[in-house]
Structure formats: C-alpha cells, structure tokens
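Participant: One structure coming up, written as structure tokens, with questions to follow.
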Amino acid sequence: MLRFTNMINTVDAHTGGEPLRIITAGLPPLIGADILDKRIYFKNNFDHLRKLIMLEPRGHSGMYGCIITPPTTEDGDFGVIFTHNEGYSSMCGHGIIAVTKTLIEIGQISIKEGANTVRIDAPAGRVTATAHCEKGLVKYVEFENVPSFVYAQDVPLKLSGLGEIKVDIVYGGAFYAYVDADKLDLSVDPLYMEELVKRGMEIKYAVMDSMHVEHPLEPRIAGIYGTIFTAPLQQTEFGWHSKNVCIFAQGQIDRSPTGTGTAGRLALLYKKGLFSEGMTLQNDSIIDTVMTGRIAGFCKLADFSAIIPIVGGAAYIMGFNQLVLDPEDPLPTGFRITGG
C-alpha cells in the first residue's frame, strides 16, 4: 500500500557534465503573474520541496533543478524555475539546453526535421532556443539569451593572503564576478578545485559586501550569483578559445562551461574590444566540455550597452525517476555535508 506524502516525477539530463533534474509532475500549482512571481511563491511556500529534490540523500551538493510551469506570455511554450543547493537562479544556460532537448525528446513539444524554435519564459526574461533535430532527436541546442552587459569593471577587492585584486561584474542572465585565475596563482584545473571554491566564495561575498548589484530594469534580480575564473585566451581561425570554471550558490562547481557565464564572457570581451559580430568563442569547462558563443546584436538597457548573445551546446538524457517522501523519514528536506 502506497503511503508516501510526496511523489515527484523527474527526468535527469546533463549538459557538458552539469546535471539538470527536470521536475515534470508532482508539484503544486504555482501562483504568480510572471515567472519571477511564481519563483517567489514557490520559495515562500514550498522551499522544503526544493531541498527534498536537490539535496542528499535524493540529490547531492552539485545537483541542479528545473521546475516546468505553463508559459506566462502569450507566445511562450513553457516557463522554467531553476533551483540549486542554495536556492534559485534567474537564468541557467546549461538548463535551457537540457530542458529544450528533454521536453522535445519525451514528446511534450512537437518538432520537425531541422531547426525548431522554442520560446521559454525564464525569470531573467524571454529566452529563445533553437533545437537542431535529426530523425526526431535533438543533436544541438542554441539559445538567444537575455541582453548581457558589463555592470562594473576593475572592482577592487582585498583577499586574505593575496592583498588587492580586481574583478569585473558582468550580467549574462545572472550577475558574476570575473577574474583571471592566474592573477590568484590558480589554474582552471580539477587539481585546484578546493582553492577555487574557497576563493570563489570569498570573492562572491566580498563583492556583495562592498557594493549593491541590481539589474537596471528588474530589481527582483540582484546580488552576485557566482565567481567565474577564466584561463588565458587562445586565438583561433574563428575567434577565441578559452576555459573557465564557475563557483556559484554555496560552493557549487559548474561542470559545464556555464551558459550564462559564456554570455557574460562575450559581453566582457566585447567591452574590452576583443570580440565582435562574426567571431566565435569556444568556451571549455574545467572538465573540457564545450559551449560556443557569438554575438547576434546589440541593445541598450537603461544606461548600459548590452549584447544579444547566442550560446550553444549539447545535452543528454540520463534517466527517469520518481522521488517519494516516506512520512516517517527523519530527513524530509535532505541535508548537505560541508567542510570548514
């Protein structure tokens, strides 16, 4: 006899090694005029379900999630709320790639051979994905991200044992602090992960302590989401090849190149005069998985000059799952084990 208090259906996928647990059924209806309102409603009323789905023992410290909602715009195909070990994000590029592939391949979105347009209502705004399909399968996904821009350059920070460093604050759907890894005597390599996580969190909170960061048109999007450590650029026939790693949420390590981080990197390179339309950025992750980025156009956001980025990558479905909660389980909202 079934006696579970929750039964939640998910599809697990990954983009570039970064997981995405897509919740397809089992959550209550969410109230709100737009996705940001729905995200606030879920956080205020059902955050225990986020913890149940994301954290141990059903998830893990590096788990990432996507709640599917009905669209909140007239021409939208669906809405998304992204979750992680700390809470919620305003946008997620690897998530857009994985959820687009998944909803098509499980039959929730009809497709044709070739390029298919999917309109997604994300907390950061409208994101338009293009799924490139062959014989009913999604081979590659590109998405036009929200306008991305440099918020502040050369922000001075003091780090323990290092003295003063400078970081750039850039928005690519979420706000990141960008810093060259070699300026901290680090490398974008798994061998340095412990120090990258430590310094990444230190930088994130140092920025938040020193300045208020807020989207110029949407005050509900504010704060620093993570720190991105970049490796030196290498010139290619088509543009640039680089590598980075994003440390976000509560010490979470993005295994993918980070879709929103790639968009922000494009904005930063353009601001520095190193990138233009017609060029391509190959952005590698710390485990050498790949995303690509290019500029589709330009716009203004209040006083900021922004680019319209196109980011692409491949995703893969890993499994289908039904999570349940036994009413006698002493760990109904999961847990994390952290050091330090």
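The values are calculated or read from the model by the stated rules, or taken from the named source; none is laboratory data. Since the model is a prediction, treat every value here as computed from it, not as a measurement. Please note: Cβ atoms are built from the backbone with ideal geometry, for glycine as well, and neighbour counts cover all protein chains shown. The protein model used for the area step is the full one, side chains on, heavy atoms only, and it has no ligands, DNA or RNA in it. Shrake-Rupley method; radii C 1.70, N 1.55, O 1.52, S 1.80 Å.
Participant: Find how many whole Å separate the alpha carbon centroid of region 209-278 from the alpha carbon centroid of region 124-146.
Facilitator: 20
Participant: Follow-up. Give me Rg/Rg_expected for region 257-340, where Rg uses Cα atoms only and Rg_expected = 2.2 N^0.38 Å with N residues.
Facilitator: It is 1.68.
Participant: At R0 = 25 Å, how high is the FRET efficiency between ASN45 and GLU328 if r is their beta carbon distance? Nearest 0.05 is fine.
Facilitator: According to the calculation, E is roughly 0.60.
Participant: Residues of the chain: accessible area per residue at 1.4 Å, in Å²?
Facilitator: Counting only protein heavy atoms, the per-residue value for the chain is 43 Å².
Participant: Same structure, new question: Quote the FRET efficiency, to the nearest 0.05, computed for ASP154 versus GLU195 with a Förster distance R0 of 22 Å and r equal to the Cβ-Cβ distance.
Facilitator: In this case the efficiency is close to 0.45.
Participant: Another question about this same structure. Can you give the extra length, in nm with one decimal, that the chain gains between GLU218 and GLU134 once fully stretched, where that is 0.36 nm per residue apart less the Cα-Cα distance?
Facilitator: Stretched out fully, the GLU218 to GLU134 stretch lengthens by 26.4 nm.
Participant: Something else: What area, in nm² and to one decimal, does the C-alpha convex hull of the chain cast on average over all directions?
Facilitator: 18.1
Participant: List the lysines whose Cα lies under 24 Å from the Cα of LYS139, skipping any in the same chain that are fewer than 8 positions away.
Facilitator: Within the straight-line limit of under 24 Å, LYS139 reaches these lysines: LYS101, LYS112, LYS243.
Participant: While we're here: In whole Å and largest first, what semi-axes does the C-alpha gyration tensor of region 287-328 yield when each eigenvalue is scaled by 5 and square-rooted?
Facilitator: 39, 20, 9
Participant: Next up: Counting only C-alpha contacts under 8 Å and six or more residues apart, can you give the relative contact order of the chain as a whole percent?
Facilitator: 22
Participant: Okay, next question. State, in angstrom, two size descriptors of region 53-173 derived from its alpha carbons: Rg to one decimal place and Dmax to the nearest whole number.
Facilitator: 17.8, 57
Participant: For region 88-122, list residues with backbone N below 13 Å from a point placed 7 Å from the Cα of ASP34 toward its Cβ?
Facilitator: Within reach of a label on ASP34, which here means backbone N under 13 Å from a point 7 Å along Cα→Cβ, region 88-122 contributes 121-122.
Participant: On the full set of protein chains, 1.4 Å probe, figure out the accessible area of GLU164 and give it in Å² to the nearest 10.
Facilitator: We get 120 Å² for GLU164.
Participant: If R₀ is 30 angstrom, what is the calculated FRET efficiency for the pair ASP303 and GLU237, using the beta carbon separation as r and rounding to 0.05?
Facilitator: Efficiency, from the Cβ-Cβ distance: 0.25.
Participant: Students often forget the sequence filter, so: which lysines lie under 20 Å Cα-Cα from LYS158 once same-chain residues fewer than 8 apart are removed?
Facilitator: Reachable lysines: LYS166, LYS183, LYS198, LYS204.
Participant: Go ahead and set up a Gaussian network model of the chain, Cα springs under 10 Å, then flag whichever of ASN145, ASN244, ASN321 fluctuates most.
Facilitator: For the chain, modelled as a Gaussian network with Cα springs under 10 Å, the answer is ASN321.
Participant: How large are Rg and Dmax for region 185-306 when only the alpha carbon atoms are used, in Å?
Facilitator: Cα radius of gyration and Dmax of region 185-306 are 15.0, 42 Å respectively.
Participant: If we count every other residue with Cβ under 12 angstrom of PHE4's Cβ, Lys/Arg +1 and Asp/Glu -1, where does the sum land?
Facilitator: -2
Participant: Setting aside same-chain residues fewer than 8 positions from LYS135, which aspartates and glutamates have a Cα under 14 Å from its Cα?
Facilitator: Candidates past the 8-residue exclusion: GLU105, GLU113.
Participant: Further, regarding this structure: Tell me the Rg and the Dmax, in Å, that the Cα atoms of region 1-113 produce.
Facilitator: Taking only Cα atoms of region 1-113, I get Rg and Dmax of 14.0, 45 Å.
Participant: Give me Rg over Rh for region 138-197, both radii from the alpha carbons and Rh done the Kirkwood way, two decimal places.
Facilitator: The Rg/Rh ratio comes out at 1.09.
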